[in-house]
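Some notes on the structure that comes next.
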Amino acid sequence: GQDGEFNYRILKKGGRFLINPKAIVWHHRPSTLKKYLKRMYNYGKASSKILFKQNNKINFIKSRWYGFIPPLFFSGIILLLIISLLFDATKYIIYLGITPYIFAILLTSTQVIIKDKSLNSLLTPFILISQHISYSWGVIKELFR
């Protein structure tokens, strides 16, 4: 999570970021799905740790809002599932929340499959959902630590 915090500090002090389309970035890719999901879990934990370090948590969340959508989404779905045990109508709210998520996953997966054209790309929806759950679990677990 150091990159996120470093970028936030630069922006907070009035710094700017430049895009260089010719830049080459090398990433270390985990060798297994388990290692990848562990990395996503650790990224989630780091997001929460960075949030706790900030004096102005609202500004930090405003600048890094996208990192808190998955944990809010999954927490909301779990809460609604629990409530739906008591109130049957709640299940319709769950459908309203899950439908756009599934649509986004399918849209992204379709883009990957068309671009990659390999059998492995068919695993994209499962990997994306697993990634979101792992990241969310890391955020939530660290928030309640």
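The values are calculated or read from the model by the stated rules, or taken from the named source; none is laboratory data. Computed from a prediction, not measured in an experiment: that's the story for all the values here. FYI the Cβ positions are ideal-geometry reconstructions off the backbone, even for glycines, and counts take in every protein chain you see. Heads up: the accessible areas ignore ligands, DNA and RNA and are worked out on the full protein's heavy atoms, side chains in. Shrake-Rupley method; radii C 1.70, N 1.55, O 1.52, S 1.80 Å.
Can you classify the chain as rounded, prolate or oblate using the Cα gyration tensor, where a ≥ b ≥ c are the square roots of its eigenvalues, rounded means a/c under 1.5, and otherwise it's prolate if a/b beats b/c and oblate if not? Walk me through the numbers before you get to the answer.
On the way: a/c = 1.87, a/b = 1.16, b/c = 1.61.
The shape class here is oblate.
Would you mind getting the accessible area per residue of the chain, heavy atoms of the protein chains only, 1.4 Å probe, in Å²? Present the calculation step by step, with values, prior to reporting the outcome.
Values: 11360 Å² over 145 residues.
Per residue, the chain has 78 Å² of solvent-accessible surface.
Given a 1.4 angstrom probe, I'd like the percentage of the accessible area of the chain that is carbon and sulfur, rounded to a whole number. Provide the component values of the computation, followed by the final result.
Working: 7630 of 11360 Å².
Carbon-and-sulfur percentage of accessible area, whole number: 67.
Along region 136-145, what does the Karplus equation 6.51 cos²θ - 1.76 cosθ + 1.60 (θ = phi - 60°) give for ³J(HN,Hα), rounded to whole Hz, x for Gly and Pro?
Result, rounded to whole Hz: 4, 4, x, 4, 5, 4, 6, 5, 9, 6.
Given the pairs K13/K141; K35/K62; K13/K117, which span a C-alpha to C-alpha distance of over 32 angstrom in this model? Write out the running numbers ahead of the final one.
Details: K13/K141 30 Å; K35/K62 30 Å; K13/K117 44 Å.
Those over the limit are K13/K117.
Can you show me the helix-derived [θ] at 222 nm for the chain, built from DSSP H runs with n ≥ 4 at -39,500 (n - 2.57) apiece and divided by the number of residues, rounded to the nearest 500. Display every interim value, and only then the final one.
Details: 6 runs with 102 residues, N = 145.
Per the formula, -23500 deg cm²/dmol.
Given N residues in region 20-104, what is its alpha carbon radius of gyration divided by 2.2 N^0.38 Å?
Values: Rg = 17.6 Å, N = 85, 2.2 N^0.38 = 11.9 Å.
Against the empirical 2.2 N^0.38 Å value, I get 1.48 for region 20-104.
Along the charge dipole of the chain, Cβ charges K/R +1 and D/E -1, which of L11, F73, L37 sits furthest on the positive end?
The residue sitting most towards the positive pole is L11.
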